[in-house]
Each structure stands twice: as C-alpha cells, then as structure tokens.
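Data first, discussion second: the structure below is written as structure tokens.
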Amino acid sequence: TEKTYGELLYNVSKYVNESEPSLYQLLSSAQYPAIIKAVAMEQYPQLFSSRIIDQVRVYLQSQDPNLRLNAVKSLNGFPAEMVIPVASPLLSDLVLSVRMEAMLTLASYYQQLQGNDKTVFEKVLSEYLQVQQGMCHRPEGYLNQGIVLGTTGRTAEAEQAYISGVMHFPRFVPFYMNLADVYRAQNKETKAKEYIDRGLQISQSNADLHYVLGLWYIRQKENEKGLAELKKAAALNPANASVVYGYAIGLFSTGKPNDALRLLENFLQQNGNNITVIDGLISICQDLKMQDKANDYLTVRKNVFGY
C-alpha cells in the first residue's frame, strides 16, 4: 500500500536507514502535495544522496514558486561547486522571495562568484537590505542586515547594523552573540568578551552565550574555565548537536578523548542520528585508533545520510 505523506515524513525525521528512501519517495511521486514536498526539502537538507540532489534540481526549475523557494533553502549544506551553478540562475527569479533566498544561499560563497553572477548578486543584496531597513521597527531587521553583511565580508557594516540594533533593542540577545563573533574574527578578543558578558547579564541561562564564552576561554588558553562553560551550555541545551559537539571537541582537545566519545555516544542514544555528531565520532574513533568503531559510524553515515 502507498504510504501517506505523514508516514513518510515520520520515517524521514528519525534519520534511520529508511529515511532517505522515504524522502525520495515523497519528492519523486506526483501524488503528494507540493507544499509538503517544499517543507520536506527545507527541513531535511542533511539527506543528500545523489538521487535526492537530482530531485532538488528538478524543483529549482519548478513552475511553483514555493517549490523553487524551498529547493533553494535545502541547498545550504551542499558543496560550493554544486550550489553556485544551480542557485545563481535564481538570482533573476521573478519572485522576490525566491531571488532573496538564492542570494542568502549564495552569500557564503560570495568570494567565489564570478562576473555576471556577482553583479546580479549585488543587485539582489541591495534589494534585500532595503526590505530589512524597512523592518527596523523589529530587531530582526537589524539582525538580518548584519548577518548577510558579515557573511559577504562587509565586516564594518555588519558591526554597524548590530550596534544600531543594540541601541534600539538592548534586550535582544542575538546581537551580543553576533557582535562577539565580529570582534573574534578581527582578533579583538577583549571587545568580544565585553559583548558576551553583556548578553549574559540579560540572559543568564542562554546556552549559546555560555558556549561562545567557553570557546573564548579556550582561545585564551584558560581551558578549565572554557570546559566549565561548554559543559554548562551542553547542560542547558542537551539536544543541540552543535553545542554538544563543541563541548566534545573541547574535551578532546584538552586531553579527555574518552569523555568526548561518551558524550557524543550519549547524544545519539538520546536524540537519534545526527550528521554533525556522527562526523565527530568518526574522527575521534580514528584518532583513538578504534578503526572498527569508526567504520561502524561511517556505515551509519552512508546508510542514513547517503554519503
């Protein structure tokens, strides 16, 4: 019997062996609604076997702007040499939201854009910034400007957008996070710490702020303090793969590889398969010369995520 799209999405969401076939069935069969396909592409970009990639390519050229939009969103994890040729044409899409999504997806590869692609990118970027400037009655207006300016290397402008945001919305924590990141990238560590601290004054239990503070201490070679902060971050947000992975890397790099291994294995038991955590386990097992275990995780990665 044909599965309902609900059953298929449930299989996909578990990140197990039947996830990729279920996603492929959902995307490739004409019987499921376009809106469900759109959501699936956006939500599960980690599953990129070659046949899923082929389906995404088809939807990038769909007549339905929703499918085009979400197909572009799903490109985020893909390698640059694949993203640039398929996303660039959509910079000229007739639908504003599709053009902007293509620009946001390509922002990470800004340095690699050539000729006409770069020109059209700049045009859509200024359209996008105008829209965000019109949204400055909300903190997201400043945040979105800062993010895209930072991603395309316009660091001073990004800094300005965040600082304006702080002036208008002093209790909006992401500004402090992102400013800390801007200053870290410029090696202005004292300034980075100042903004992390200001953010923590507003939101004591923000896992992300404890996480960046932990990394800050580790960069200053204050490993004990750093690990304590990373541990706190992981305790505050135990289901966040990036935070837990960061703590594991902290443990590993300060000579506690077995603790790192245990932490990541526990994460998988609690939360199911996750590509970031599996990659971490593969590299730690290889470092510890546990090749059989590394191979097991390589097999899981291949079976579940398709590469």
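Applying the Karplus parametrisation 6.51 cos²θ - 1.76 cosθ + 1.60 with θ = phi - 60° to the phi angles of region 211-224, what ³J(HN,Hα) value in whole Hz is obtained for each residue in order, glycine and proline being reported as x?
Once θ is set to phi - 60°, the couplings for region 211-224 become 4, 5, 5, x, 5, 4, 4, 5, 4, 7, 6, 9, 5, 4 Hz.
Run the simple label-point estimate for Lys302 and Thr119 please: 7 Å along Cα→C-beta, distance reported in nm.
4.7
Per residue, how many Å² of accessible area does region 223-275 show with a 1.4 Å probe? Don't skip to the end; give the middle numbers.
Working: 2640 Å² over 53 residues.
Here the residues of region 223-275 average 50 Å² of exposed surface.
Please work out how much length the chain gains when fully extended from Glu127 to Asn295, using 0.36 nm per residue of separation minus the C-alpha to C-alpha distance, in nm with one decimal.
55.7 nm
For the chain, what is the calculated [θ] at 222 nm in deg cm²/dmol (nearest 500), taking -39500 (n - 2.57) for each run of four or more DSSP H residues and dividing by its residue count?
On the way: 18 runs with 224 residues, N = 307.
Calculated mean residue ellipticity at 222 nm is -23000 deg cm²/dmol.
Suppose the chain between Arg138 and Ile202 were pulled fully straight at 0.36 nm per residue; how much longer would it get relative to their current alpha carbon spacing?
Numbers: separation 64, 0.36 × 64 = 23.04 nm, distance 1.82 nm.
Between Arg138 and Ile202, full extension yields an extra 21.2 nm.
Towards the positive end of the charge dipole of the chain, with charges on Cβ (+1 Lys, Arg; -1 Asp, Glu), say which of Leu27, Thr152, Gly246 has the farthest Cα.
It is Gly246, whose Cα lies furthest towards the positive end.
For the pair Gln186 and Asp279, how long in nm is the line joining their label points, each one 7 Å along Cα→Cβ?
With each label point 7 Å from Cα toward Cβ, the separation is 2.9 nm.
Specify whether the C-alpha gyration tensor of the chain places it in the rounded, prolate or oblate class, a ≥ b ≥ c being the square roots of the eigenvalues: rounded for a/c under 1.5, otherwise prolate if a/b is larger than b/c and oblate if not. Please report the intermediate quantities before stating the final value.
Values: a/c = 1.91, a/b = 1.07, b/c = 1.79.
Oblate.
Tell me, in nm to one decimal, what length is gained between Ala34 and Glu222 on full extension, where the rule is 0.36 nm per residue of separation less the Cα-Cα distance?
Values: separation 188, 0.36 × 188 = 67.68 nm, distance 5.17 nm.
Length gained, Ala34 through Glu222: 62.5 nm.
Can you bin region 25-65 into rounded, prolate or oblate? Criterion: square roots of the alpha carbon gyration tensor eigenvalues sorted a ≥ b ≥ c, rounded for a/c under 1.5, prolate for a/b above b/c, oblate for the rest. Intermediate results must be reported in sequence, preceding the final value.
Working: a/c = 1.41, a/b = 1.28, b/c = 1.10.
Rounded.
The values are calculated or read from the model by the stated rules, or taken from the named source; none is laboratory data. Since the model is a prediction, treat every value here as computed from it, not as a measurement. Methodologically, a virtual Cβ is constructed for each residue, glycine included, from the backbone with ideal geometry; neighbour enumeration extends over all protein chains shown. With ligands, DNA and RNA removed, areas are computed over all heavy atoms of the protein, side chains included. Shrake-Rupley method; radii C 1.70, N 1.55, O 1.52, S 1.80 Å.
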